[in-house]
1. Of the numbered conditions (1) at pLDDT below 95; (2) out of contact with any Leu (no Cβ under 7 Å at 6 or more places or on another chain), residue 65 satisfies every one except a single condition; which is it?
2. Select, from 29, 9, the only residue that is surrounded by 12 or more Cβ atoms within 10 Å (Cβ to Cβ) and either of a type outside the set (Lys, Arg) or modelled with pLDDT under 95 (or both).
3. Working carefully through the options 49, 56, 20, find the one that is farther than 11 Å from residue 72 by Cα, surrounded by 12 or more Cβ atoms within 10 Å (Cβ to Cβ), at pLDDT below 95 and not aromatic (Phe, Trp, Tyr).
Amino acid sequence: MSKPSHDDLSVVSVLVTNDAAALAVAKSLLDAEGIECEIRESRDKRHWASARSRRASGPMRLMVARKDEEAARGLLEQHR
């Protein structure tokens with residue numbers, strides 16, 4: 001059994017948005033096509049100290065495996 005290459009393990013962002021509804025729709029489209037994806041929340045580290053008492057978040061990112069990037073982007077483009 002061979003080890004996966006670095007490209008097989010890396011993930012890329014196919015959507016960056018603050019719109020939770022758009023993100024949910026995009027994720028459901030990819031899920032329906034069997035493209036594994038995950039949502040990651042971006043945080044601006046410069047604001048970490050001032051955000052201790054409140055939850056501060058930046059845009060959310062929809063991540064897919066690098067090998068699925070082209071298919072995911074194509075699918076999302078079709079549903080714009």
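The values are calculated or read from the model by the stated rules, or taken from the named source; none is laboratory data. Just so you know, these numbers come straight off a predicted model, no measurement behind them. Methodologically, a virtual Cβ is constructed for each residue, glycine included, from the backbone with ideal geometry; neighbour enumeration extends over all protein chains shown.
1. For residue 65, the failing item is (1).
2. Working: 9 fails: surrounded by 12 or more Cβ atoms within 10 Å (Cβ to Cβ).
Step by step, each of 29, 9 is checked, and only 29 is surrounded by 12 or more Cβ atoms within 10 Å (Cβ to Cβ) and either of a type outside the set (Lys, Arg) or modelled with pLDDT under 95 (or both).
3. Criteria check complete, one pass: 56.
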